[in-house]
Every structure is written in C-alpha cells, then in structure tokens.
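The structure appears below as structure tokens.
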Amino acid sequence: MFELGWIEIGLIGVIALVVLGPERLPKAARFAGLWVRKARAQWFAVKSELEREMGAEALKASLNAEREAIRDAVKQIDDEARQLRDGPGDGMPGAGDDGAPKPPSP
C-alpha cells in the first residue's frame with residue numbers, strides 16, 4: 001500500500017488541528033480510528049474467507065486426484081482379474097504364464 005513516515009503523520013495532525021480545531025479534533029480522531037478498525041476487521045474477514053476457500057479448493061483437487069488414482073488402481077486390478085479368469089492369452093488350453101502345462105485339478 002502506501003507508507004506514511006513520522007513527518008507525514010505530523011503534517012496531517014497539524015493540518016487536522018488547524019482545520020478542525022482543538023475541540024473537535026479528539027472526536028474526529030476517535031471517529032477515524034473507528035473506521036480504520038472496521039475497515040481492517042473487514043479486510044481480515046475477507047482475507048480469511050479467501051484463504052479458507054482456497055484451502056477447500058486445494059483439498060477438493062487433492063481428493064479428486066486420489067479418487068482418480070483409486071479408479072485407475074481398481075481398473076488395473078479388474079483387468080488383471082479378468083485376464084486370470086479368462087485364462088492364458090496364448091491360446092493354449094491349460095498353459096500357465098510360462099507356457100508350461102498346468103497340473104490337473106483334483
């Protein structure tokens with residue numbers, strides 16, 4: 001934002017004292033302080049809400065990525081289970097993965 005040094009703050013105080021006078025200056029300072037506190041509180045509320053929503057979005061993205069990883073793993077397991085259930089892929093009945101015949105089932 002913008003920076004105010006001690007000289008600028010003092011100059012604003014002197015101008016306010018000249019314009020408002022010593023009777024109204026304390027009331028005006030309290031009023032300005034009240035508005036500054038309200039503005040700061042509103043800014044922090046908006047900032048925290050934004051951070052909370054960004055955290056929620058990051059959590060949703062992470063959850064979706066994990067969900068996709070689980071779906072891929074389930075699909076891979078289903079494919080492997082289907083290959084085992086359907087038998088070997090070389091067309092030889094009773095052959096194992098290494099091509100050797102399987103022993104008969106009792």
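The values are calculated or read from the model by the stated rules, or taken from the named source; none is laboratory data. Because the structure is a prediction, the values reported are computed rather than measured. For neighbour counting, all protein chains shown are included, and Cβ atoms are generated from backbone atoms with ideal geometry for every residue, glycine included.
Okay, residues lined up against (1) in contact with a helix residue (DSSP H, G or I) (Cβ under 9 Å, 6 or more places away or on another chain); (2) of a type outside the set (Phe, Trp, Tyr); (3) farther than 30 Å from Gly10 by Cα; (4) surrounded by 10 or more Cβ atoms within 10 Å (Cβ to Cβ):
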position: Leu20; (1), (2), (3), (4): yes, yes, no, yes
position: Arg24; (1), (2), (3), (4): no, yes, no, yes
position: Ala29; (1), (2), (3), (4): yes, yes, no, yes
position: Lys38; (1), (2), (3), (4): no, yes, no, yes
position: Leu50; (1), (2), (3), (4): no, yes, yes, yes
position: Leu59; (1), (2), (3), (4): no, yes, yes, yes
position: Leu63; (1), (2), (3), (4): no, yes, yes, yes
position: Ala69; (1), (2), (3), (4): no, yes, yes, yes
position: Ala81; (1), (2), (3), (4): no, yes, yes, yes
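Take the conditions out of contact with any helix residue (DSSP H, G or I) (no Cβ under 7 Å at 6 or more places or on another chain), modelled with pLDDT under 90 and not acidic (Asp, Glu) and apply them to Ala95. Does it pass? Spelling it out, Ala95 is indeed out of contact with any helix residue (DSSP H, G or I) (no Cβ under 7 Å at 6 or more places or on another chain), modelled with pLDDT under 90 and not acidic (Asp, Glu). When every residue of segment 15-37 is checked against the conditions, none turns out to be without any contact (Cβ under 8 Å) to a residue 12 or more places away in the chain and outside any helix (DSSP H, G or I). Criterion applied to Ser62, Ser48, Ser105 was being polar (S, T, N, Q) and at pLDDT below 90, and the one residue passing it is Ser105.
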